[in-house]
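The block underneath contains the structure these notes are about, expressed in structure tokens.
The values are calculated or read from the model by the stated rules, or taken from the named source; none is laboratory data. Keep in mind that this is a model prediction, so the values were computed, not measured. Positions of Cβ are generated from backbone atoms using ideal geometry, with glycine treated the same way; all protein chains shown enter the neighbour counts. These accessible areas exclude ligands, DNA and RNA; they are computed on the full protein's heavy atoms, side chains included. Shrake-Rupley method; radii C 1.70, N 1.55, O 1.52, S 1.80 Å.
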Amino acid sequence: STQSTWGSATCVMSSFRSVCQLSGEYGSACHYCTTGNKRGRVSYGMQAEIMTVAHYQQLIDRGWRRSGTWLYKPSNDKACCVQHTIRLDVQQYVPTKKQAQVVSKVHRTVAPSETPSEAPSTEKTELEAMEDDKTCDSNTDHGARGSDLASELTELLRRVLMSSSSFSVPEQFDRNKVQVKETTGKQKLLADFSTPLAIQLAASCKKAGAPIGGVTQLANRIAGELAPMEIAAFGPVETILDVSVSDNGYINFKLKCPEICMPDLQSQQSTRKPKQKANAHKSNHPKAKPGSRLDAILNHINQMEQDGELTISTVPSSFSEEEYEVYVRYQTVVHHDRRDKLSVHQYTNFLVESPLIPEPFPTGEGSGYGSFHQIYRTRQGQIVAVGVVDILPKCLSSVYLFYDPTFSKFSPGIYTAIREIYTVQQLSALAPSLHYYYMGFYIHTCPKMRYKGDYHPSELLCPITQTWVPLDRCIPLLETRKYGKLAVEETPAYKLDESTIGSALNRIPILLPAGECRLGQLTQESQEALKSALSQYVTRVGPELASEIFLSFG
């Protein structure tokens with residue numbers, strides 16, 4: 001019987017809000033590196049049946065995340081790739097020039113076209129004028145978008161060299177030599193950009209006595225790691241460029257849609273404007289003041305949504321056939337997943353099901369707290385993207401984004417992140433404590449995951465002290481070690497002593513088929529069987545939260 005197995009658990013079911021089933025620590029394949037370790041990604045997990053938004057907020061502030069109803073916390077001291085929770089205080093957000101360009105590009109693209117009777121406007125938008133001022137002042141050729149892209153590719157290649165695990169880079173190799181250049185003359189028939197990086201690296205490896213294989217083999221490895229990385233203003237490399245390797249080891253890049261991605265590139269050689277001397281030309285528009293770039297971005301977004309050109313609707317998480325079809329296209333085209341692995345069941349478990357209990361905002365207005373899908377549509381009703389988000393007492397937590405691959409060139413990841421930041425700013429008027437944007441995990445050793453650090457000023461959760469640390473302080477530390485203390489030395493480490501853990505064990509609410517009980521009410525044998533697992537649980541959620549979340553057994 002239940003009583004003979006578990007002891008005197010003769011209890012009455014009390015009202016409760018959060019219920020989980022423990023699983024424990026487990027290993028899985030890591031998709032962030034190329035170590036080949038099928039259990040290199042180590043986490044501690046539990047299945048959530050139901051959960052309050054307040055409890056989940058406390059969990060993510062301790063490094064937890066969810067995938068459907070599965071809750072997990074990376075065991076960073078054992079994993080191949082360390083995952084740090086990253087967040088942004090939207091009240092302090094300072095957008096970059098590239099982020100502003102993405103929004104401006106989307107606005108120009110979806111804005112209604114001019115009718116024959118309308119003369120094209122010669123006035124620039126506030127954002128374009130502001131960026132022109134900065135461009136003229138910095139003595140930059142405003143039309144040379146090809147140079148911008150070459151610089152982006154150069155920076156991404158340097159990141160590949162810093163984080164690659166598929167080839168070694170000699171210490172004496174000068175990363176400043178890495179350079180992607182635009183091709184000229186007859187070369188442009190074969191490629192728009194090119195780099196001899198593999199040839200240079202192979203020579204350095206040979207000099208250092210490091211084995212590398214063939215030059216073309218090395219070039220292919222570099223190209224393979226570069227392909228999925230994100231170019232801030234354009235999208236993933238592989239979606240806008242064909243990357244190939246020549247017989248002599250050059251890595252070449254050919255624009256897939258030059259007329260869309262880089263409309264000025266084809267005619268640059270014949271129409272490039274002469275560079276202006278600094279201060280030789282000034283815009284009539286006033287200098288940008290702090291915050292004006294953000295104001296201009298929000299004006300673009302508001303204008304598109306008011307005009308119905310690109311609208312966003314926030315709806316409670318639920319299954320939609322239309323959204324599912326976009327998800328399948330996204331996963332097969334962008335992530336190269338097999339179609340037969342993308343069932344309705346898989347999609348529902350991953351992005352529809354949620355344990356979070358919806359709750360209203362304090363004012364009773366707005367969406368309230370819970371799990372939602374933010375659906376982006378064009379005027380024609382086509383879904384452009386879907387952002388899966390959790391709205392919690394302190395933050396909007398971004399769960400996942402999928403989009404129609406035909407819109408990759410508009411950098412939907414950047415646009416939707418900015419729109420989610422704007423959502424937080426709007427919601428904070430209804431719930432003042434809600435002013436953070438959580439972007440999931442920042443993985444410094446994975447170049448394609450570093451983009452999350454582009455939203456300034458972000459903070460990382462220190463795994464040792466459980467305190468938030470400015471990202472700018474963390475970067476130098478992460479360059480020298482993948483796991484360790486990020487907070488200042490004076491900040492004490494968060495560590496529970498045996499007495500605290502022991503006291504917490506007796507306060508954990510346990511659910512059995514017969515009802516609710518505590519550990520001390522179980523048989524001695526059952527207590528001994530559970531103590532180790534419950535102790536691990538307490539160290540990962542903390543004693544306060546452990547006393548509030550019900551654990552279901554049997």
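The residue that is modelled with the lowest pLDDT, among those in segment 6-19 that are surrounded by 15 or more Cβ atoms within 10 Å (Cβ to Cβ) and closer than 22 Å to T523 by Cα, is C11. Apart from one condition, V352 fits all of (1) hydrophobic (A, V, I, L, M, F, W, C); (2) open to solvent by less than 10 Å² (accessible area, probe 1.4 Å); (3) modelled with pLDDT of 95 or more; the exception is (2). For segment 454-478, the set of residues classified as acidic (D, E) and in contact (Cβ under 8 Å) with a residue 60 or more places away in the chain consists of D454, E459, listed by residue number.
Within segment 495-554, how many residues turn out to be more than 34 Å from the chain's Cα centre (by Cα), buried (at least 18 other Cβ atoms within 10 Å of the Cβ) and part of a strand (DSSP E or B)? Total meeting the criteria: 4. Among residues of segment 236-251 that are within 9 Å of N220 (Cα to Cα) and assigned to a loop (DSSP other than H, G, I, E, B), those with a beta-carbon under 8 Å from a residue that is open to solvent by 10 Å² or more (accessible area, probe 1.4 Å) and not hydrophobic (A, V, I, L, M, F, W, C) at least six positions away or on a different chain give the pairs G249/P196; G249/T216.
Looking at the structure I just gave you, is V344 over 22 Å from L434 (Cβ atoms), surrounded by 18 or more Cβ atoms within 10 Å (Cβ to Cβ) and touching a helix residue (DSSP H, G or I) at 6+ places or on another chain (Cβ under 8 Å)? When the stated conditions are applied, V344 does not pass them. Scanning segment 437-451 finds one or more residues that are crowded, with 20+ Cβ neighbours inside 10 Å, out of contact with any Leu (no Cβ under 6 Å at 6 or more places or on another chain) and under 28 Å from E309 (Cα atoms). Of the listed requirements (1) under 23 Å from the mean Cα position of the chain (by Cα); (2) open to solvent by less than 70 Å² (accessible area, probe 1.4 Å); (3) at pLDDT 90 or above, C33 misses just one: (3). Only a single criterion out of (1) modelled with pLDDT under 50; (2) open to solvent by 20 Å² or more (accessible area, probe 1.4 Å); (3) under 24 Å from A150 (Cβ atoms); (4) in a loop (DSSP other than H, G, I, E, B) is not satisfied by L265, namely (2). None of V328, V315 is open to solvent by less than 60 Å² (accessible area, probe 1.4 Å), of a type in the set (V, I, T), at pLDDT 95 or above and out of contact with any helix residue (DSSP H, G or I) (no Cβ under 9 Å at 6 or more places or on another chain) except V315.
Scanning segment 77-102 for residues that are open to solvent by 20 Å² or more (accessible area, probe 1.4 Å) and within 15 Å of S28 (Cβ to Cβ) yields K78, C80. So which residues in segment 461-493 are among the aromatic types (F, W, Y) and part of a strand (DSSP E or B), if there are any at all? Matches in segment 461-493: W468 only. When the criteria are applied in full, Y451 meets the requirement of being farther than 19 Å from V315 by Cα and out of contact with any Phe, Trp or Tyr (no Cβ under 7 Å at 6 or more places or on another chain). Report whether or not K448 is out of contact with any helix residue (DSSP H, G or I) (no Cβ under 8 Å at 6 or more places or on another chain), closer than 30 Å to K97 by Cβ and modelled with pLDDT under 95. Judged against the criteria, K448 is a match. Scanning segment 452-467 for residues that are surrounded by fewer than 19 Cβ atoms within 10 Å (Cβ to Cβ) and either charged (D, E, K, R) or closer than 22 Å to P492 by Cα (or both) turns up D454, I464, T465, Q466, T467.
When you scan segment 316-333, how many residues do you find that are touching a residue at least 24 places away in the same chain (Cβ under 8 Å) and part of a helix (DSSP H, G or I)? Number of matching residues: 8.
When the test is whether a residue is in contact with a strand residue (DSSP E or B) (Cβ under 6 Å, 6 or more places away or on another chain), open to solvent by 20 Å² or more (accessible area, probe 1.4 Å) and modelled with pLDDT under 95, S411 does not pass it.
Considered as a group, the residues in segment 167-193 that are out of contact with any Lys or Arg (no Cβ under 6 Å at 6 or more places or on another chain), part of a loop (DSSP other than H, G, I, E, B) and over 26 Å from C205 (Cα atoms) include one that is least open to solvent (accessible area, probe 1.4 Å), and that residue is T183. Just to be sure before I move on: is G515 touching a Leu at 6+ places or on another chain (Cβ under 9 Å), on the phi > 0 side of the Ramachandran plot and not acidic (D, E) in the structure I sent? For G515, the condition - touching a Leu at 6+ places or on another chain (Cβ under 9 Å), on the phi > 0 side of the Ramachandran plot and not acidic (D, E) - is not met. In segment 413-429, the residues that are touching a residue at least 60 places away in the same chain (Cβ under 8 Å) and farther than 21 Å from S104 by Cα form Cβ pairs under 8 Å with partners that are among the hydroxyl-bearing types (S, T, Y) and open to solvent by 10 Å² or more (accessible area, probe 1.4 Å), at six or more places apart or across chains, as follows: L427/S367. If only residues of segment 345-366 that are hydroxyl-bearing (S, T, Y) and in contact with a Phe, Trp or Tyr (Cβ under 8 Å, 6 or more places away or on another chain) are counted, the one that is nearest to A54 (Cα to Cα) is T348. Number of residues in segment 50-74 that are open to solvent by 30 Å² or more (accessible area, probe 1.4 Å) and either among the aliphatic types (A, V, I, L, M) or part of a helix (DSSP H, G or I) (or both): the value is 3. Consider V386 against the criteria (1) outside any strand (DSSP E or B); (2) surrounded by 19 or more Cβ atoms within 10 Å (Cβ to Cβ): it satisfies all of them except one. Which criterion is unmet? Condition not satisfied by V386: (1).
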